[in-house]
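See below for the structure under consideration.
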Amino acid sequence: MDILISGLLLGGTYALIAMGLNLQYGVARIMNLANGEMLVLGGLAAFWLFVADGLSPIATVFLVAPLAFAGNWLIYRLLIRPLVRRAKTQGQLDVDSILSTFGMSFIFVGLMVTIHGEYFTYSYLADPFSILGTTVAVNRLVAFIAAVAIGAAICFWLYRTQSGTAVRAVSVSTEAAGLVGINVERVSAFAFAIGGAVTAVGGTLISTFITLDASMGVIFTMKALIIVIMGGVGDIRGAIIAALLLGLVETAVATIIDPGLTLVAAYVIFLSVLLFRPQGLFGRRAS
């Protein structure tokens, strides 16, 4: 039971990390290697406001979300859109976006180190809470509930609203979406901005129980990429389930075998999916 509950809570953390990248890569077709740095920026904002002004990280979410949305929208318009317009193939766009966002990640790291330094941590809702005999920290439970709520809201938007239908159409085929009158560029920019906002919010919540530093964004990016590939590119429901599965597997490996092998287990799963089911555990095979 300890493994199950701890694994699900860890999976909720991973879902917060991965949902934003899934929107950016699955819809806007941009492999954003600065995704992890955006998450750390969200955590840094929560740290600053909590230490300086005593503002709750939960309240900080409502400041970070619109600011991150606006910032990522500008990044898409100023940096990504020219790459999209000049790319003749998706392969060329992938290469250009990887190189440009990789460089952007270094800019973010440099700015964070210059402004604050490397490590930052604080204590918020760290009180113990018992679930079916397993003791967990309240902040991890809050992050899990937030992940479920955000995932449910995104799924409702994607599958029950007209704008969400347009987003799903772009994720399936930009050419076909354009033919039926969808403004592909606008939808892609919106999806990229929403993805960045979700990532920053995830960082705000995760900062309540993880010590962050400016240079650890690459770890979050790699975890997010593993989950996106596992769940199926563009499939939010698949990403959430894949995140929970990864959390359970890593917790089981850490508890039963050795904590040092959790990263090995994650990459074994990742490579297995790439080899035997490249469309992801919940994705559809291309016709």
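The values are calculated or read from the model by the stated rules, or taken from the named source; none is laboratory data. The structure presented is a predicted model; accordingly, all values stated were derived computationally and were not measured. Every residue, glycine as well, gets a Cβ built from its backbone with ideal geometry; the counts of neighbours run over all protein chains shown.
In segment 142-149, is there at least one residue being farther than 23 Å from Gly247 by Cβ, surrounded by 19 or more Cβ atoms within 10 Å (Cβ to Cβ) and not β-branched (Val, Ile, Thr)? Within segment 142-149, not a single residue is farther than 23 Å from Gly247 by Cβ, surrounded by 19 or more Cβ atoms within 10 Å (Cβ to Cβ) and not β-branched (Val, Ile, Thr). Being within 17 Å of the chain's Cα centre (by Cα), farther than 25 Å from Leu246 by Cα and of a type outside the set (Lys, Arg) is not true of Ala166. For segment 210-246, filtering for residues that are in contact with a strand residue (DSSP E or B) (Cβ under 9 Å, 6 or more places away or on another chain) and either at positive phi or surrounded by fewer than 22 Cβ atoms within 10 Å (Cβ to Cβ) (or both) leaves 2. Scanning segment 126-164 for residues that are charged (D, E, K, R), in contact with a Phe, Trp or Tyr (Cβ under 7 Å, 6 or more places away or on another chain) and over 18 Å from Leu10 (Cβ atoms) returns no hits.
If you go through segment 230-265 and pick out every residue that is farther than 21 Å from Tyr159 by Cα, of a type in the set (D, E, K, R) and part of a helix (DSSP H, G or I), you end up with 1. Within segment 150-188, being closer than 20 Å to Arg85 by Cβ, loosely packed, with under 12 Cβ neighbours inside 10 Å and at pLDDT 90 or above holds for one residue alone: Arg186. Those helices (runs of 4 or more DSSP H) of segment 143-229 in which at least 3 residues are in contact (Cβ under 8 Å) with a residue 24 or more places away in the chain, considering only elements entirely within it, cover 162-172, 184-206. Among the residues of segment 120-141, just one is part of a strand (DSSP E or B), of a type in the set (S, T, N, Q) and surrounded by 13 or more Cβ atoms within 10 Å (Cβ to Cβ), namely Thr134.
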